[in-house]
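K.L.:
Structure below; questions to follow.
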Amino acid sequence: YSEKVWANTDNLTGKLENVLTAGIIQGKSNQEMAEELQKATGAAHKDAIRLIRTETNYITGEATHKAYNEYGVEKYQFLATLDLKTSEICRSLDGQVFEEKDRKVGVNCHPMHPHCRSTDIPYIPDLEGTRVARGSDGKTYKVDRDMNYDEWYKKYVEGNAHELQAEKMIKNNSKDKKQYERYKDMLGSQLPKSFEKF
């Protein structure tokens, strides 16, 4: 836990454990659990949702790999989300196969970072099928199961002006929001009313 974000990490640990345990048992969404954590700690919503998403991803991964061990799965394949928000580290690991005995969270198994959306599946060679990808318009489509992130990017993003512009906007989002806030203070009502219009 980042001490800059969470002032009293001892207190946070207990509250987080309670919120996660009760939330998972009750089938609550990450959003609902984040709201409870936010109320219990007074943290910003973005910090609470980041922590809840990362921890539930970790818990789910641990349970999945426990099942892999129980069923004798010896290898797993890393799967990154095929969209423009995926981190560079997850893009680089997509499609790689690892030995279960060598699994290490944050090195070759999710979560790789806060807000990580990657996952993994048991490795079964020569298995045919598809996986889902998402365009910048939010629509999903199917691609070959063996297509990794780099192959997907070359086929569906490179050379597509709309997708490249969407990727640039995603990468610049944080800087653009800070710039918008500075301009809002200086220009007041002369600036568009919403960040999206800006």
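K.L.:
Hey, can you grab everything whose amide H is under 5 Å from the amide H of Asp120? Only 5+ residues off in sequence or another chain; H modelled, so Pro and N-termini drop out.
P.N.:
Those lying under 5 Å, H to H, from Asp120 are Leu79.
K.L.:
With every protein chain kept in place and ligands, DNA and RNA left out, what is the accessible area per residue of the chain? Probe 1.4 Å, answer in Å².
P.N.:
Accessible area per residue, the chain: 65 Å².
K.L.:
In terms of the Cα gyration tensor, with a ≥ b ≥ c the square roots of its eigenvalues, is segment 127-198 rounded because a/c is under 1.5, prolate because a/b exceeds b/c, or oblate?
P.N.:
Prolate.
K.L.:
With an 8 Å cut-off on Cα pairs and a minimum separation of 6 or more residues, tell me the relative contact order of segment 19-116 in percent.
P.N.:
That works out to 26 percent.
K.L.:
For segment 39-102, which trypsin sites (Lys or Arg not before Pro) pass both filters: DSSP loop (anything but H, G, I, E, B) and at most 15 other C-beta atoms within 10 Å?
P.N.:
Lys85
K.L.:
In addition: From the Cα gyration tensor of segment 62-198, with a ≥ b ≥ c the square roots of its eigenvalues, which class applies: rounded if a/c is under 1.5, or else prolate if a/b is larger than b/c, or else oblate?
P.N.:
Taking the square roots of the gyration eigenvalues as a ≥ b ≥ c, segment 62-198 is prolate.
K.L.:
Nearest-5 percent of antiparallel DSSP beta bridges in the chain?
P.N.:
Close to 85 percent.
K.L.:
Let me ask something additional. For Arg117, what is the net charge nearby, where nearby means another residue's Cβ is under 9 Å from its Cβ and Lys, Arg count +1, Asp, Glu -1?
P.N.:
So the environment of Arg117 carries a net charge of +1.
K.L.:
Give me the percent of accessible area attributable to carbon and sulfur for segment 64-154, probe 1.4 angstrom.
P.N.:
Answer for segment 64-154 is 50 percent, counting heavy atoms of protein chains only.
K.L.:
Which whole-number percentage describes the relative contact order of the chain, with Cα contacts under 8 Å and a sequence gap of 6 or more?
P.N.:
Computed value for the chain: 15 percent relative contact order.
K.L.:
Follow-up question, since we're still on this one. In whole Å, how far is the Cα centre of segment 76-92 from that of segment 42-75?
P.N.:
16
K.L.:
Which aspartates and glutamates have a Cα lying under 20 Å from the Cα of Lys197, excluding residues fewer than 8 positions away in the same chain?
P.N.:
Within the straight-line limit of under 20 Å, Lys197 reaches these aspartates and glutamates: Asp137, Glu163, Glu167, Asp176, Glu181, Asp185.
K.L.:
Below 8 Å, C-alpha to C-alpha, sequence gap of six or more: please give me the relative contact order for segment 94-198 in percent.
P.N.:
Dividing the mean separation by the residue count of segment 94-198 yields 15 percent.
K.L.:
For Gln179 and Ile59, calculate 0.36 nm times their separation in residues minus their Cα-Cα distance, and state this gained length in nm to one decimal.
P.N.:
Going from the current span to full extension adds 39.5 nm.
The values are calculated or read from the model by the stated rules, or taken from the named source; none is laboratory data. Just so it is clear, the structure is predicted and the values come from calculations on it, not from any experiment. Every residue, glycine as well, gets a Cβ built from its backbone with ideal geometry; the counts of neighbours run over all protein chains shown. Areas reflect the complete protein model, heavy atoms only, side chains present, ligands, DNA and RNA absent. Shrake-Rupley method; radii C 1.70, N 1.55, O 1.52, S 1.80 Å.
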